Amino acid sequence: MAKLKILEFPDPRLRKKAQPVEMVDQALKQLIDDMFETMYDAPGIGLAATQIDVHRRLLVADVSADKNEPWVLINPVIFEQDGVEVTEEGCLSVPGYYEEVQRAEHIRVRYLDRDGIEVESEFDGLLSVCVQHEIDHLDGKLFVDYLSEAKRQRIRKRLEKERRHRQPEPATIF
Ligand code: GNR
Ligand code: NI
């Protein structure tokens, strides 16, 4: 098992569009395990492969209180949605910021499960919001994209400033 580094806004790698997973093999299962370890450790309720710099259409989630309801969605496609729901969202790639985002209330999703079996599931509540948030990541989209340009720039500037203090650039030799 390994804990992976999570990319942070405004890292341009978070803007890459993930490509479909072609094979559900042992290497992918290892990656899934590492993503769960990373997500639970963070802690977060979801994690998209994009956030760990793997540009494949894969996400994990667990919104349960006891952290014992793991979901794995490979190549997810939302094929039905209805209703409207506003939730205060956060993101491990935008640490410390929480803003209201409007999304579909119910979604139906077709995807491959951990065993590579094609299944359909219906999601609502927080899990629906989380799955939509993660699929956005796979398309290079972040929750801050739903905010005003001014708000997004303010968050970006504050995160950049904070990061400069956290990990100063290595001093230039010569
Ligand atoms: O941990 C997370 N919490 C959360 C809360 C409201 C809406 C979405 C989320 S997902 C987030 C983890 C994350 O960044 N996943 O990409
Ligand atoms: Ni996120």
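Considering only the stretch 82-96, state which residues are surrounded by 14 or more Cβ atoms within 10 Å (Cβ to Cβ), more than 7 Å from ligand 1 (Cβ to nearest atom) and free of Cβ contacts under 8 Å to residues at least 60 places away in the same chain.
Of everything in the stretch 82-96, just one residue is surrounded by 14 or more Cβ atoms within 10 Å (Cβ to Cβ), more than 7 Å from ligand 1 (Cβ to nearest atom) and free of Cβ contacts under 8 Å to residues at least 60 places away in the same chain, namely Glu85.
Within the stretch 22-44, how many residues are in contact with a strand residue (DSSP E or B) (Cβ under 6 Å, 6 or more places away or on another chain) and closer than 19 Å to Gln132 by Cβ?
2
Evaluate the stretch 104-126: report whether one residue or more is within 16 Å of ligand 2 (Cβ to nearest atom), buried (at least 20 other Cβ atoms within 10 Å of the Cβ) and within 15 Å of the chain's Cα centre (by Cα).
No, there is no match, as no residue in the stretch 104-126 is within 16 Å of ligand 2 (Cβ to nearest atom), buried (at least 20 other Cβ atoms within 10 Å of the Cβ) and within 15 Å of the chain's Cα centre (by Cα).
Pull up the stretch 127-151, narrow it to residues that are within 16 Å of ligand 1 (Cβ to nearest atom) and outside any helix (DSSP H, G or I), then point me to the one that is surrounded by the most Cβ atoms within 10 Å (Cβ to Cβ).
Checked the stretch 127-151; the qualifying residue surrounded by the most Cβ atoms within 10 Å (Cβ to Cβ) is Leu142.
Kindly provide the set of residues from the stretch 12-51 that are over 23 Å from Glu160 (Cβ atoms), among the small types (Gly, Ala, Ser) and within 15 Å of ligand 1 (Cβ to nearest atom), ordered by number.
Across the stretch 12-51, the qualifying residues are Ala18, Gly46, Ala49.
Residue check: is Ile155 within 20 Å of Ile32 (Cα to Cα), among the β-branched types (Val, Ile, Thr), within 16 Å of ligand 2 (Cβ to nearest atom) and not in a loop (DSSP other than H, G, I, E, B)?
Spelling it out, it is not the case that Ile155 is within 20 Å of Ile32 (Cα to Cα), among the β-branched types (Val, Ile, Thr), within 16 Å of ligand 2 (Cβ to nearest atom) and not in a loop (DSSP other than H, G, I, E, B).
Determine which single condition Arg163 fails, assuming it passes every other condition in (1) free of Cβ contacts under 8 Å to residues at least 40 places away in the same chain; (2) assigned to a helix (DSSP H, G or I).
(1)
Only one of these is away from ligand 2 (no atom under 14 Å from the Cβ), modelled with pLDDT of 95 or more and small (Gly, Ala, Ser): Ala65, Ala42, Ala18. Name it.
Residue meeting the stated conditions: Ala65.
The values are calculated or read from the model by the stated rules, or taken from the named source; none is laboratory data. Everything numeric here is computed off the predicted structure, so don't read it as measured data. Every residue, glycine as well, gets a Cβ built from its backbone with ideal geometry; the counts of neighbours run over all protein chains shown.
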